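The values are calculated or read from the model by the stated rules, or taken from the named source; none is laboratory data. On a predicted model such as this, the values are computed, not experimentally measured, just so you know. Cβ placement follows ideal geometry from the backbone for every residue including glycine, while neighbour counts extend to all protein chains displayed. Side chains are part of the model used for accessible areas, which takes the heavy atoms of the whole protein and leaves out ligands, DNA and RNA. Shrake-Rupley method; radii C 1.70, N 1.55, O 1.52, S 1.80 Å.
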Amino acid sequence: MITGKSIVFGDNIDTDQIIGAHHLTRPSIAAMAPYSFEHHDHFRRDFAPGDIVVAGRNFGCGSSREQAPAVLKELGVAAVVAASFARIFFRNSINLGLTLIECPEAGKIRPLERLEIEGDSLLSLTTGRRFRIVPLPPFIQAFLDNGGVVAHLRTR
Amino acid sequence: MNVIEKILAAHCSNGSQGHVRPGMIVEIAPDLTMANDATAVLAIDVFKHKLQAENVHDPARVVFIMDHYTPSCSIDAADTHQAMRAFAREQQLPFVYDGIGVCHQLMMERHVRPGQLIIGADSHTCNYGALGALSTGMGSTDVAVAWRTGRSWMKVPEAIRIEVSGAWPAGVCAKDLILRIVGDLTTSGATYQAMVFAGPAIRALGISERMTLCNMVIEAGAKFSYIQPDDKTAAFLRAAGRPDYPVFDDDADAVYARTLTYDVGSLEPQIACPGSVDNVHPIGAAEGIAIDEFFLGACTNGRYEDLEIAAQILRGKEVAAGSRLLVTPASRDVLLSAMASGVLATLIESGAMIANPGCSACFGGTGGILGKNEKLLTTANRNFKGRVGSPDSEIFLASPAVVAASAITGRITDPRRILQ
């Protein structure tokens with residue numbers, strides 16, 4: 001079970017916004033992480049480890065940079081809940097073991113709600129509202145259950 | 001099967017008996033794996049420390065390209081480049097390119113063949129469909145796994161067929177068409193799908209413009225682009241010394257998820273206004289907006305033909321006082337051609353700054369960075385907030401003709417006014 005407060009974004013959040021390309025040569029993910037969502041003041045103000053990033057459609061569009069999900073994981077983002085995800089970001093997150101929740105009605109979640117995610121259910125403890133989650137394909141779920149693609153390969 | 005499925009089936013390594021269909025997850029053996037200096041170091045870290053691998057599966061299938069931060073633009077960038085060179089030496093990689101062009105341009109000039117399946121740690125890897133190859137961007141971990149195992153996995157995509165007819169009007173080019181298509185599909189309208197371009201107006205395009213088209217399918221979320229190889233493809237590959245390749249084509253029962261049709265005869269120059277690549281309008285909607293910086297370059301539009309049309313418009317004219325034009329050829333070969341023909345001299349005489357081949361001002365990594373409240377009109381492929389510097393700057397996307405015509409006036413200008 002995951003619980004955390006919602007840090008809310010809109011549609012089409014691109015990977016440049018998550019971590020700007022001029023930071024990608026920094027020596028480690030830990031060194032890049034403080035620059036996550038550099039230009040989004042509410043994230044920098046409100047986020048605490050264990051919180052849940054909530055967004056609209058096409059989260060993670062743009063560049064293939066794996067540093068984008070990696071910095072979110074490094075910061076302690078417990079899960080990203082979005083109406084939909086861009087393909088490469090989705091794949092990178094699964095590979096890294098960052099939890100992604102596809103929730104068609106994610107746009108209805110307001111900032112700083114307490115969310116609880118368990119199984120195929122997303123509940124707002126703040127509003128009492130329950131949201132439907134789109135389950136991952138079994139092939140992908142196996143990757144996540146094993147802790148990402150690298151661990152998955154080791155189990156084969 | 002359609003041509004996308006046929007090429008994927010030919011690269012399956014997990015016994016799909018030569019037949020695949022959309023939605024299937026298949027294990028594939030890519031022909032080539034490309035990484036650049038924005039993504040390779042993370043892949044090296046995964047390869048060595050997470051996979052605990054020692055040797056790449058096949059060095060001849062690995063291409064390393066330094067293009068995003070070249071010449072090394074910071075101490076961190078220099079360290080990145082050192083790490084790439086050291087890994088390349090250690091693994092005896094035969095294909096390492098250091099500051100001589102944008103990765104996708106170099107791949108097209110030197111490596112890509114029709115019918116290949118290529119993965120790259122860069123989202124614009126989708127470009128190679130211009131030569132009839134399937135190619136797509138992945139992250140560093142997927143690339144590291146492919147280095148180690150020679151394998152990767154993919155979901156077989158549905159395909160969208162885009163039929164394009166009509167005669168290209170003067171001042172209208174492939175960039176205008178792909179901006180229009182992304183505007184129509186939206187930034188997620190082709191997610192997980194392949195975009196197949198066909199029809200007489202596509203066959204009329206040279207390879208350079210086909211690359212522009214295929215480069216930007218990712219901006220609608222697409223996984224692959226594809227254009228059926230023809231006599232122009234053959235001529236390009238003969239000149240590049242790669243005359244031999246298999247040709248795949250649709251079966252009679254090929255299925256497409258949908259077909260879109262466009263007539264370029266009525267297409268106007270297009271412009272993507274700031275914030276999102278699908279914020280696309282006919283140029284009239286933005287004409288007259290004052291611009292601080294103009295950029296001609298990137299894997300989208302940094303080829304010889306792009307520089308040539310810009311030179312044709314700028315010949316004998318000057319970049320407007322108070323604004324600046326930065327021109328970055330996509331590769332050393334493009335730069336040499338532009339030098340030989342006089343195109344480069346024309347651009348320099350007009351007042352353009354010329355940068356070393358590479359990604360340049362497509363993003364805020366090296367030169368051409370924007371300050372607060374500045375506006376950029378660029379031939380690149382993304383206009384995300386803050387991509388080229390200040391989060392309070394604005395980025396407009398357009399064709400080389402629009403950029404050149406606008407550089408003369410200092411304001412967004414319809415190139416048809418000059419080309420008539």
Search result, residues across segment B:353-382 that are part of a loop (DSSP other than H, G, I, E, B), in contact with a Ser or Thr (Cβ under 7 Å, 6 or more places away or on another chain), within 25 Å of residue B:182 (Cβ to Cβ) and within 14 Å of chain A (Cβ to nearest Cβ): B:358, B:368, B:380, B:381
Top-ranked residue of segment A:78-97 - restricted to ones that are surrounded by 23 or more Cβ atoms within 10 Å (Cβ to Cβ) and more than 10 Å from chain B (Cβ to nearest Cβ), ranked as nearest to residue B:192 (Cα to Cα): A:82
Scan of segment A:10-31 for residues that are over 22 Å from residue B:360 (Cβ atoms) and more than 10 Å from every other protein chain (Cβ to nearest Cβ), ordered by number: A:10, A:18, A:30
Residue match in segment B:105-124 (condition: more than 29 Å from residue B:212 (Cα to Cα), in contact with a Lys or Arg (Cβ under 8 Å, 6 or more places away or on another chain) and assigned by TED's automatic domain parsing to the domain that holds residue B:257): no
Residue ranges of helices (runs of 4 or more DSSP H) in segment B:241-352 with at least 2 members open to solvent by less than 50 Å² (accessible area, probe 1.4 Å) and under 23 Å from residue B:130 (Cβ atoms): B:298-301, B:304-314, B:332-341
Enumeration of residues in segment B:74-95 that are surrounded by fewer than 16 Cβ atoms within 10 Å (Cβ to Cβ) and either in contact with a Phe, Trp or Tyr (Cβ under 7 Å, 6 or more places away or on another chain) or within 14 Å of another protein chain (Cβ to nearest Cβ) (or both): B:74, B:75, B:78, B:79, B:82
Filtered residues of segment B:261-281 (kept if of a type outside the set (D, E, K, R) and within 23 Å of residue B:208 (Cα to Cα)): B:261, B:262, B:264, B:265, B:266, B:267, B:269, B:270, B:271, B:272, B:277, B:280
Index of the failed condition, residue A:48 passing every other in (1) under 24 Å from residue B:385 (Cα atoms); (2) more than 12 Å from chain B (Cβ to nearest Cβ): (1)
Lone qualifier among B:272, B:285, B:252 - being aliphatic (A, V, I, L, M) and more than 15 Å from residue B:402 (Cβ to Cβ): B:252
Total residues in segment B:1-51, condition over 19 Å from residue A:91 (Cα atoms), among the basic types (Lys, Arg) and more than 26 Å from the chain's Cα centre (by Cα): 2
Pairs with Cβ under 7 Å, 6+ apart, first in segment B:308-323 and aliphatic (A, V, I, L, M), second part of a loop (DSSP other than H, G, I, E, B): B:313/B:415; B:314/B:350; B:319/B:350; B:319/B:351; B:319/B:352; B:320/B:410
Selection within segment B:383-420 - over 30 Å from residue A:26 (Cβ atoms), in contact with a strand residue (DSSP E or B) (Cβ under 8 Å, 6 or more places away or on another chain) and either of a type in the set (Lys, Arg) or not in a loop (DSSP other than H, G, I, E, B) (or both): B:400, B:402, B:403, B:404, B:406, B:407, B:411
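To keep it simple, each residue is scored yes or no on (1) within 14 Å of chain B (Cβ to nearest Cβ); (2) open to solvent by less than 40 Å² (accessible area, probe 1.4 Å); (3) among the aliphatic types (A, V, I, L, M); (4) within 30 Å of residue A:20 (Cβ to Cβ).
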| residue | (1), (2), (3), (4) |
| --- | --- |
| A:64 | yes, yes, no, yes |
| A:103 | no, yes, no, yes |
| A:109 | no, yes, yes, yes |
| A:143 | yes, yes, no, yes |
| A:146 | yes, no, no, no |
Residues of segment B:48-62 classified as within 12 Å of chain A (Cβ to nearest Cβ), surrounded by 16 or more Cβ atoms within 10 Å (Cβ to Cβ) and either free of Cβ contacts under 8 Å to residues at least 40 places away in the same chain or touching a Phe, Trp or Tyr at 6+ places or on another chain (Cβ under 9 Å) (or both), total: 2
